[in-house]
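Can you keep this structure in mind? I'll have questions shortly.
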Amino acid sequence: MAFQFDSNSQQKIPEMQPPRERIGKFSLLTMGAFMLLIVCLVGWHPATSAVRAMLARRNVKEVLAATEAKDWVRAHQALMLARQRAPEDVEVILATVEFLKATGSDPGGLAQALQRLKQKRPLTAEEELVLGRALISSGKTKDAREVYEKLPAKESTQQPGLELLSSILTAEGHGKEAAEIAQRAAAQGTAGEKTPEAHLQAAVADLGSHFAEVQGQAQKQLWELAELGSKTGMDAILRLSVAPGLTVPEAERLLALEENHPQHALGTRLTVVSAQMRLQPELRAKLAEAEVRRFKEDKSGRLEDMAFWLMREKFNEEVLRLVPMEMVAQSRELYPIVVQTLSQAERWEELQKLLKTPNPPVPASLVDLAMAEVLSHLKPDLRECRQLLQGTVLNAAQAGDVATLQAAGALAEQLSFADVSCQAYRAAGMKAAENNASEAALQNLQKGAELALRAKDTEMLLDVARRLHILSPSSAVFADRFEYLRLVLGVEMELVDVKGLMKQPEGSPAAGVTLERIPPELLLALAAYRAGDRAEMEKHLASLPRAEGLSPGPRAVAAGLLTLVGKADRAFQLAEKIQGALLLDEEKAFLMRAL
């Protein structure tokens, strides 16, 4: 019987799970030890660093205490230990700075410590100043300059910042600038807390300095003041808007400051916009159009301010479109603005019509002055124009109107009425002197002297020279001119004290005066000539310096005197290029002797 396999008759073997693997205690201990070793290896450096930093900060406390007690040995030992333990710790670096500041023994090391501190955190303004001084002391002037340039304006314009700048300028070889800055720093220190108004006055004064560094400091001070929400802030904005060296971004910043200022005003805004026009002349029309549109839409500000600004910027058509003509005849402010606008636009017939309007709202002298200009363009015969100018000068002098006198003088000079122009400028100078406006008085009187010479009016010339000398008695220039005219004209010669002039120091010319001195040797020779003393005249002429640089009148006199003492060749060299039309008759007489 064959074998047959019956699968159902076989008993199935049950499925069995494999036994669980067990980790023994030894394996667990080994793994734990390994993990602990890894943790120790990873955390060892931070842990030791933290411990070393903690110990170093204990040393820091000892450094500071010893430094305060001036126990330099103990402070140095504690500092060395702290630096060994944690050289990059901020507290340790600060302790190093304090120790080196107190001892002053290592400015180079102090600079290095502060530079390391700067890598850890931003330095305070005081620390930046210390760094700058340390760099100067260690001979690193260029690095000190970079530190100073990065100081905030508030710090660089105060006494410590100015002292740092003075040290930098000294190291750079700019002694005079350094002295001026040091003087300003000392003034701040002695004056204590100054008001913003006082800071503004000081900054404005410094803008007139001859040194760029001083001017730069003044501008920094003005920018700081411009942030103030007071009248001083607005004044600073105005000063900055007309300051030389203003840039386009700075002008935009000024406009933003003005817009956000609590006391913002149209006049100030337009002054800043004028600065933008000056810096971007291609945008003048666009900027003016934008301001007119803004004025009409916002209806803020005065029409007079907008019209005056447009007139000053020579946007004549915009003025005439903006200002209703029916308002002009009643407005004391708009009338002269429109008169000036029509004059600039050379619309003489329209201007004449306006000037003939009865009962103008301005003084008659202004109307006559404007009419004189109109007639100079509309009528070839200038006699009526001259009469109007003479009346204007007379009326303005009686009213004490310096501005009108100056305008009349300028127009008369333009029309070649030298005598009328001289009278106008002399009157303007006299009135300015009465108002204690010395600089304006000097400028107007000097202009009057120039025109009196052109008109050959010796009486007027002597009178103006006398007034200049009285107004500025310390000026050797004016004293020379006054005595020279007395001697040349042969008047008041008994009052001339030429020898006294030789003892007078040169002095600085008064503001706005550019005349040169007349050599005392020439005055002495001229006085000797009037006294008939040929020997004395020859003696002084022998010591006369080169006279080629003198103005035509004194040069002609020198040439004539040289001829009288037998030096005809030198006299002719001086005289041959002098134009007689530039001379007084008395000076021309001397010139003729040399030719």
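The values are calculated or read from the model by the stated rules, or taken from the named source; none is laboratory data. Keep in mind it's a predicted model, so treat the numbers as computed, not measured. Because the Cβ atoms are built from the backbone with ideal geometry, glycine has one as well, and the counts that use them run over all protein chains shown. Quick note on the areas: whole protein, heavy atoms, side chains included, nothing else; ligands and nucleic acids left out. Shrake-Rupley method; radii C 1.70, N 1.55, O 1.52, S 1.80 Å.
Could you list, in sequence order, all residues of the stretch 318-332 that are within 17 Å of Pro358 (Cα to Cα) and of a type outside the set (A, V, I, L, M)?
Matches in the stretch 318-332: Glu326, Gln330, Ser331, Arg332.
In the set Gly189, Gly245, Gly233, which member is outside any helix (DSSP H, G or I) and either modelled with pLDDT under 90 or among the hydrophobic types (A, V, I, L, M, F, W, C) (or both)?
Result: Gly245 is the single residue among Gly189, Gly245, Gly233 that is outside any helix (DSSP H, G or I) and either modelled with pLDDT under 90 or among the hydrophobic types (A, V, I, L, M, F, W, C) (or both).
Against the definition (crowded, with 16+ Cβ neighbours inside 10 Å and in contact with a Gly (Cβ under 6 Å, 6 or more places away or on another chain)), how does Leu117 come out, yes or no?
no
What pairs come up if the first residue lies in the stretch 387-403 and is within 20 Å of Ala418 (Cβ to Cβ) and open to solvent by 70 Å² or more (accessible area, probe 1.4 Å), the second is at pLDDT 90 or above and outside any helix (DSSP H, G or I), and their beta carbons are under 9 Å apart, counting only those six or more places apart or on different chains?
From residues that are within 20 Å of Ala418 (Cβ to Cβ) and open to solvent by 70 Å² or more (accessible area, probe 1.4 Å), the pairs are Gln390/Phe417.
Could you go through the stretch 300-322 and let me know if any residue there is over 20 Å from Ser274 (Cα atoms), among the aliphatic types (A, V, I, L, M) and surrounded by 15 or more Cβ atoms within 10 Å (Cβ to Cβ).
Looking for residues that are over 20 Å from Ser274 (Cα atoms), among the aliphatic types (A, V, I, L, M) and surrounded by 15 or more Cβ atoms within 10 Å (Cβ to Cβ), one finds none in the stretch 300-322, hence no.
Being touching a residue at least 12 places away in the same chain (Cβ under 8 Å), open to solvent by 50 Å² or more (accessible area, probe 1.4 Å) and within 11 Å of the chain's Cα centre (by Cα) is the filter here; which residues of the stretch 240-254 pass it?
Correct list: Val242, Gly245.
Report every pair of residues separated by at least 6 positions or lying on different chains whose Cβ atoms are under 9 Å apart, first residue within the stretch 99-111 and on the phi > 0 side of the Ramachandran plot and surrounded by fewer than 16 Cβ atoms within 10 Å (Cβ to Cβ), second small (Gly, Ala, Ser) and at pLDDT below 80.
Gly104/Ser137
What are the residue pairs meeting all of these: first residue in the stretch 57-79, first residue farther than 17 Å from Ser105 by Cβ, second residue open to solvent by 50 Å² or more (accessible area, probe 1.4 Å) and assigned to a helix (DSSP H, G or I), Cβ atoms under 6 Å, and 6 or more apart or on different chains?
Note: pairs meeting the criteria are Arg57/Glu91; Asn59/Leu81; Val60/Glu91.
For residues that are part of a helix (DSSP H, G or I) and open to solvent by less than 50 Å² (accessible area, probe 1.4 Å), scanning just the stretch 67-89, find the one that is nearest to Pro160 (Cα to Cα).
Thr67
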